[in-house]
Amino acid sequence: MPIKKILNDPEQWVAYFGYGSLVNDRTRNLESFGLAGRLQGFRRQWRMRSKIGGNANPAQGGATSLNVIKDADSAIDGLLIFDHKDHLPLVDQRERNYRRIAFDLAEFETSFDIPHGVETYIYLGEPDYRHWAQEAYPVLQSYCDAVMQGFLEKFGHDGLERFMAESDGWQRPLLQDRGDPLYPRAVVLTQSEKDLFDQLLVNAGAHPRTHGR
């Protein structure tokens, strides 16, 4: 069992809180595992600008993904992900433009027993990249699909609706790239997942658009 591995050698492990695509097991390395729970003191927002495919030319635009800000009156669902410490540089690279900071494990509520002695982190977007989605930097539907599938699997339908309600910025451009994903860790959806996610996005007020529009 993974927990036993950590108990036997906690110095070789690290934990980081996933609140977006990291919640979906299909987007992470297979050796990591997560414990579902709720973290106090943070608010989730669609407010993290990035390039697509490593493109560094600002004139060519990019995409907007999820970020969190500190908010003493808020809490968010997510996974406390345990991973080998030597994988952390790869996670840092994946989360480039985010700053990895330590957080107090006492703020994480979960029904699982958490091993002691493991460093715990959360990734916060660097200030220069914190911008709401716009036409040149839309939310990618393929990224959104991965996030929503993860929350549905880990927290159920009620948890997915809670994710929608507790994330700011849905009323922004949404690029419909599901058929030709731009997100590098795109997932495969069932038809029922597609129908559910599309309806929730409509209900949230997202502004869908196709490529080139």
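Within region 67-78, not a single residue is assigned to a loop (DSSP other than H, G, I, E, B) and crowded, with 16+ Cβ neighbours inside 10 Å.
For region 98-116, the count of residues that are of a type outside the set (D, E, K, R) and touching a helix residue (DSSP H, G or I) at 6+ places or on another chain (Cβ under 6 Å) is nonzero. Restricting attention to region 7-37, the residues that are free of Cβ contacts under 8 Å to residues at least 12 places away in the same chain and among the charged types (D, E, K, R) total 1.
The number of residues in region 169-200 that are surrounded by 15 or more Cβ atoms within 10 Å (Cβ to Cβ), outside any loop (DSSP other than H, G, I, E, B) and either among the basic types (K, R) or in contact (Cβ under 8 Å) with a residue 60 or more places away in the chain (or both) comes to 1. Screening A72 against (1) under 13 Å from the mean Cα position of the chain (by Cα); (2) of a type outside the set (D, E); (3) under 15 Å from L39 (Cβ atoms) leaves a single unmet condition, (1). In region 96-131, of all residues being in a loop (DSSP other than H, G, I, E, B) and crowded, with 17+ Cβ neighbours inside 10 Å, the one that is nearest to the chain's Cα centre (by Cα) corresponds to F103. When the test is whether a residue is out of contact with any Leu (no Cβ under 8 Å at 6 or more places or on another chain), among the hydrophobic types (A, V, I, L, M, F, W, C) and in contact (Cβ under 8 Å) with a residue 60 or more places away in the chain, L79 does not pass it.
Restricting region 90-122 to residues that are in contact with a Gly (Cβ under 9 Å, 6 or more places away or on another chain) and of a type in the set (F, W, Y), the residue that is farthest from I69 (Cα to Cα) is F112. In region 1-29, which residue that is of a type outside the set (A, V, I, L, M, F, W, C), part of a helix (DSSP H, G or I) and touching a helix residue (DSSP H, G or I) at 6+ places or on another chain (Cβ under 6 Å) is surrounded by the fewest Cβ atoms within 10 Å (Cβ to Cβ)? This residue is Q12. Being free of Cβ contacts under 8 Å to residues at least 40 places away in the same chain and touching a His at 6+ places or on another chain (Cβ under 8 Å) is a property that Q93 lacks. Among the numbered conditions (1) in a loop (DSSP other than H, G, I, E, B); (2) more than 18 Å from G34 (Cβ to Cβ); (3) not basic (K, R), the only one that C144 does not meet is (1). Candidates in region 30-56 are the residues that are in a loop (DSSP other than H, G, I, E, B) and under 20 Å from P181 (Cα atoms); of these, the one that is modelled with the lowest pLDDT is A56. The residue of region 147-168 that is nearest to L79 (Cα to Cα), among those that are outside any helix (DSSP H, G or I) and among the acidic types (D, E), is E166.
The values are calculated or read from the model by the stated rules, or taken from the named source; none is laboratory data. Quick caveat: nothing in here was measured; it's all calculated off a predicted structure. Here the Cβ is made from the backbone with ideal geometry for all residues, glycine too, and neighbour counts use every protein chain on show.
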